[in-house]
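None of the figures in this text is laboratory data; all of them are computed from the coordinates on show. The structure displayed is predicted, hence computed values, not measured ones. All Cβ positions, even for glycine, are placed from backbone atoms using ideal geometry, and neighbour counts span all protein chains on display.
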Amino acid sequence: MLAMAKDERGHMIVPHEVATGADCDGCLIVQERGELADLVCNVCDAVVDTVPIERAGATLMELACREICSARCPHCGALNTFPGFTVIEAFICSECGEGVAVSRLVQ
Ligand SMILES: [Zn+2]
Ligand SMILES: [Zn+2]
């Protein structure tokens, strides 16, 4: 019954790919152990971060925010992430080095 309560905390669902750019379809889940919480991928078991339990929700939120600040390269398909940015207009792909203009203007 305690386990059910934990499930109802409403942590954000953050895809592993969004959090770290990993080539993975999994999502991060919070695994509590004592005072700490591991943010673990439910598919590949990668530990993305370990934070104090009270920081787990905020850290997931920060990771989820990167979704806004990420863009997929049209040249090679690599996901580029930009921590700290809210709007991207252009970037150089970290995989293939091609310049990518991100334009949402409609003629
Ligand atoms: Zn994964
Ligand atoms: Zn690329």
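Quick check for me: using +1 on Lys/Arg Cβ and -1 on Asp/Glu Cβ, what's the dipole size of the range 14-64 about its Cα centre, in debye to the nearest 20? Walk me through the numbers before you get to the answer.
Values: 2 positive and 10 negative charges, 19 e Å.
Dipole about the Cα centre, nearest 20: 100 debye.
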Can you pull the percent of Cα pairs in the range 14-64 with separation above 17 Å? 25
At R0 = 35 Å, how high is the FRET efficiency between V47 and I92 if r is their beta carbon distance? Nearest 0.05 is fine. 0.75
